[in-house]
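Here is the structure we will look at.
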Amino acid sequence: MDIDAVVAHFADDAQMRSPLALTLTGSPTVAGAENIRAYWRKAYGHIESADLKILSWSFDDTIARLTVWWQLGDTRASEFMDFDDAGRVVRSEAFYGK
């Protein structure tokens, strides 16, 4: 998995919120692109190739929000990402289930 390519889409001051972040870092929110990169390396650095299945998605261009429903193995999730005028993610939040 190319974590640097993923994080390149985040603004420098982006915030990401996730139950997995709480488990791995002690805080549900990870702030700043470099901290998000470190989190992604800790959470997903061991995965060479993810068989991530996009189940559905929608984009609201009025508020520049992408919502994605996906599945990886038996984990299902929804995630939203808010974008700035330059097209970078400024805020995201993930929700997991089975």
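For THR62, only one of the following conditions fails: (1) open to solvent by less than 60 Å² (accessible area, probe 1.4 Å); (2) of a type in the set (S, T, N, Q); (3) farther than 19 Å from TYR44 by Cβ. What is its number?
(1)
Here are some residues: ALA38, ALA43. Which one is in a helix (DSSP H, G or I), modelled with pLDDT under 90 and surrounded by 13 or more Cβ atoms within 10 Å (Cβ to Cβ)? Reasoning before the result, please.
Details: ALA38 fails: modelled with pLDDT under 90.
The conditions single out ALA43.
State which residue is surrounded by the most Cβ atoms within 10 Å (Cβ to Cβ) when the search covers only the range 65-77 and only residues that are within 16 Å of ARG17 (Cβ to Cβ) and at pLDDT 95 or above. Walk me through it before giving the result.
Here is the first cut: in the range 65-77, the ones within 16 Å of ARG17 (Cβ to Cβ) are 65-68, 77.
Imposing the further condition that a residue be at pLDDT 95 or above reduces the set to 65-68.
On the way: ARG65: 15, LEU66: 16, THR67: 13, VAL68: 18.
So the residue we want is VAL68.
Is there a residue being more than 12 Å from the chain's Cα centre (by Cα), within 22 Å of ASP13 (Cβ to Cβ) and open to solvent by 40 Å² or more (accessible area, probe 1.4 Å) anywhere in the range 49-56? Before the answer, list the steps.
From the range 49-56, those more than 12 Å from the chain's Cα centre (by Cα) are 49-56; that's our starting set.
Checking which are within 22 Å of ASP13 (Cβ to Cβ) leaves us with none.
No, that holds for no residue.
Among the residues of the range 78-98, count how many are modelled with pLDDT of 95 or more and exposed (fewer than 11 other Cβ atoms within 10 Å of the Cβ).
3
Across the range 1-27, what is the number of residues that are part of a loop (DSSP other than H, G, I, E, B) and open to solvent by 40 Å² or more (accessible area, probe 1.4 Å)? Walk me through how you get there before you give the answer.
If we filter the range 1-27 for residues that are part of a loop (DSSP other than H, G, I, E, B), which is where we start, we get 1-2, 8-9, 18, 26-27.
Those still in the list that are open to solvent by 40 Å² or more (accessible area, probe 1.4 Å) too: 1-2, 8-9, 26-27.
The total comes to 6.
Name the residues in the range 46-60 that are at pLDDT below 95 and of a type in the set (Asp, Glu), would you?
GLU48, ASP51
Per-residue answers, yes or no, for (1) free of Cβ contacts under 8 Å to residues at least 40 places away in the same chain; (2) farther than 21 Å from ALA5 by Cα:
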residue: SER18; (1), (2): no, no
residue: ALA21; (1), (2): yes, no
residue: LEU24; (1), (2): yes, yes
residue: ALA33; (1), (2): yes, no
residue: SER56; (1), (2): yes, yes
residue: ILE63; (1), (2): yes, yes
residue: LEU66; (1), (2): yes, no
residue: ASP84; (1), (2): no, no
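The values are calculated or read from the model by the stated rules, or taken from the named source; none is laboratory data. Because the structure is predicted, anything quoted here is derived from the model rather than measured. Backbone-built Cβ (ideal geometry, glycine too); neighbour counts: all protein chains shown. To get the accessible areas, we keep the full protein, side chains included, count just its heavy atoms, and leave off ligands, DNA and RNA. Shrake-Rupley method; radii C 1.70, N 1.55, O 1.52, S 1.80 Å.
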